[in-house]
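For reference, the structure is listed below as structure tokens.
The values are calculated or read from the model by the stated rules, or taken from the named source; none is laboratory data. Only a predicted model underlies this, so the values are computations on that prediction, with no experimental measurement involved. When we count neighbours, we look across all protein chains shown, and the Cβ atoms used for this are built from the backbone with ideal geometry, even at glycine. Just the protein is used for accessible areas: all its heavy atoms, side chains included, with ligands, DNA and RNA removed. Shrake-Rupley method; radii C 1.70, N 1.55, O 1.52, S 1.80 Å.
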Number of protein chains: 2
Amino acid sequence: MKRIADSTVRRLSMYLRYLEDLDTRGQQTASSDELAHLCGTTPAQVRKDLSFFGSFGKRGLGYPVHELTAHLREILGLQREWKVLIIGAGKIGAALANYRGFRQRGFTVAGVYDNDPNKVGQPWGEAIVRPMDALEADLNRDDAPIAVLAIPAEGAQAVVDRLVKAGVRAILNFAPTQITVPPHVNLKSVNMAMELEGLSFALTNPGYLDEGAA
Amino acid sequence: MKRIADSTVRRLSMYLRYLEDLDTRGQQTASSDELAHLCGTTPAQVRKDLSFFGSFGKRGLGYPVHELTAHLREILGLQREWKVLIIGAGKIGAALANYRGFRQRGFTVAGVYDNDPNKVGQPWGEAIVRPMDALEADLNRDDAPIAVLAIPAEGAQAVVDRLVKAGVRAILNFAPTQITVPPHVNLKSVNMAMELEGLSFALTNPGYLDEGAA
DNA sequence: CCCTGCTTGTGAACAATTTCACAAGCTCTA
DNA sequence: TAGAGCTTGTGAAATTGTTCACAAGCAGGG
């Protein structure tokens, strides 16, 4: 009954990726030190992260790779299939649907939606683009819990409101705008422009210094 | 001469986006309260973030929108043009190159690189896909300081090493793998699988609770 | 000029996260 | 069974980031 930090969850996800690697290579155990090196963090961090969820390791030996992999999958909720709705049949949506490791991790595209009449009805990967208007009806008979928002900023909030009303409880937002959702809905935003600007800042202000008050 | 948190820089980027909006709408001033509401943060946070770089507001009035916009552009290093190299002529690269607000913010695609012989030489947006082998030579005569890595995880580190050796000092990584760079190189990673898994975790463990030690 | 109503800028309090340091515990060997 | 050599698990300390609370300061009105 403890609040888990977002950063911790992200690291768990990374541990899982590398543990899967080690597992397929047949490695039996891995120490926190080894995991830390692979994932670019510290051994203490690895141990602390895992300790929130139980005692998976053996002192003197390390963590059993195969077992820990299973535990992490369960913790992250990856033992079931998650249906994903892609909103916006553009390049970002295509990149996501194309993404290896998307399916491998149990995420399957349940539908693609767009407003553009030229796109509606077209095949798109293994799905067919459906009109945005069909959203609510489709959701009722086949409710996909995770929606990926890959549309322009304008109107993004309106679409989110519709999704939430229709019962979606998790949204991954790629639209470069601030989205608000009720507290029971989980929202993550990825903003490419913001990341690039972060790099621009770092290059402009070497060492993250504050040089200039105007 | 103060270390600026990553989270602060991200928020600055967001403030800028909304200030630009307000500016084009002709709004003269904005209070920390208004900015906070737009950006989904708190007034105190807004003031603290800005205070790291100077005193831009007027007590009783708020912040002058147009002026603050200019200040933020300067702080973030957006008053110059940044050349961007896209490594990997796939869907993710296409989504990025297509991205509105990419150019608006002063980022221009200086080149696209791929290993696939079927892609090399093909037109791609306004550029022509170049072979990866040409990287070093091209960089010398037209060095792009920011590289976007939109290739699979395998071989990503090798490409990064080449980029670093060739003088690139900022990398935005979309490959789902841990990348290491020397300290003078800035690296940001965006990992879509990780974000989705974060949602999966949140849906599986409502309220971020730790229910089950095995 | 003085008072009222706002809003900034900021040290200090608070909260969250990471790192440290070490006792506890496992395996192997003799 | 005892001892050596590792590595985990975890309170406590340190660090980092956010929120609070309020003095300082500007604008407008009488």
Just one listed residue, out of B:GLY40, B:GLY62, B:GLY57, B:GLY106, is more than 13 Å from DNA strand D (Cβ to nearest atom) and either open to solvent by less than 60 Å² (accessible area, probe 1.4 Å) or among the β-branched types (Val, Ile, Thr) (or both), and it is B:GLY106
Residues of the stretch B:103-118 that turn out to be under 26 Å from B:GLN79 (Cβ atoms), in contact with a helix residue (DSSP H, G or I) (Cβ under 7 Å, 6 or more places away or on another chain) and in a loop (DSSP other than H, G, I, E, B), as a count: 1
Matching option when the condition is within 15 Å of DNA strand D (Cβ to nearest atom), among the aliphatic types (A, V, I, L, M), out of contact with any Pro (no Cβ under 7 Å at 6 or more places or on another chain) and farther than 30 Å from B:ALA150 by Cβ, among B:LEU22, B:LEU50: B:LEU50
If you scan the stretch B:1-37, which residues turn out to be surrounded by 21 or more Cβ atoms within 10 Å (Cβ to Cβ) and touching a Phe, Trp or Tyr at 6+ places or on another chain (Cβ under 7 Å)? B:VAL9, B:ALA30, B:LEU35
Taking A:ILE4 as the residue in question, decide whether it is within 19 Å of the chain's Cα centre (by Cα) and touching a residue at least 60 places away in the same chain (Cβ under 8 Å). no
Apart from one, (1) within 13 Å of chain A (Cβ to nearest Cβ); (2) within 10 Å of DNA strand C (Cβ to nearest atom); (3) in contact (Cβ under 8 Å) with a residue 12 or more places away in the chain; (4) of a type outside the set (D, E, K, R) all hold for B:GLY62; the odd one out is (1)
Filter result for the condition that a residue is within 11 Å of chain A (Cβ to nearest Cβ), assigned to a helix (DSSP H, G or I), open to solvent by 50 Å² or more (accessible area, probe 1.4 Å) and out of contact with any strand residue (DSSP E or B) (no Cβ under 9 Å at 6 or more places or on another chain), over B:ARG73, B:ARG100: B:ARG73
Using the structure shown, decide if B:TYR113 is surrounded by 14 or more Cβ atoms within 10 Å (Cβ to Cβ) and at pLDDT below 90. no
Complete set of residues in the stretch A:120-171 that are in contact with a Gly (Cβ under 9 Å, 6 or more places away or on another chain), open to solvent by 50 Å² or more (accessible area, probe 1.4 Å) and within 16 Å of A:ILE92 (Cα to Cα): A:PRO152
Please specify each residue of the stretch A:119-166 satisfying the condition of being more than 25 Å from B:ARG100 (Cβ to Cβ), out of contact with any Lys or Arg (no Cβ under 7 Å at 6 or more places or on another chain) and part of a loop (DSSP other than H, G, I, E, B). A:GLY121, A:GLU126, A:ASP142, A:ASP143, A:ALA166
Name the pairs: first residue in the stretch B:44-59 and within 13 Å of another protein chain (Cβ to nearest Cβ), second residue among the acidic types (Asp, Glu) and more than 6 Å from DNA strand C (Cβ to nearest atom), Cβ to Cβ under 7 Å, at least 6 apart or on different chains? B:PHE52/A:ASP210; B:PHE53/A:ASP210; B:PHE56/B:GLU67
Report every pair of residues separated by at least 6 positions or lying on different chains whose Cβ atoms are under 6 Å apart, first residue within the stretch B:124-141 and farther than 13 Å from B:ALA110 by Cα, second surrounded by 11 or more Cβ atoms within 10 Å (Cβ to Cβ). B:PRO131/B:VAL120; B:MET132/B:TYR113; B:MET132/B:ASN115; B:GLU136/B:ALA166
What pairs can you find where one residue is in the stretch A:166-181 and over 17 Å from B:ARG10 (Cβ atoms), the other is small (Gly, Ala, Ser), and their Cβ atoms are less than 6 Å apart, with a gap of 6+ or different chains? A:VAL168/A:ALA147; A:ILE171/A:ALA147
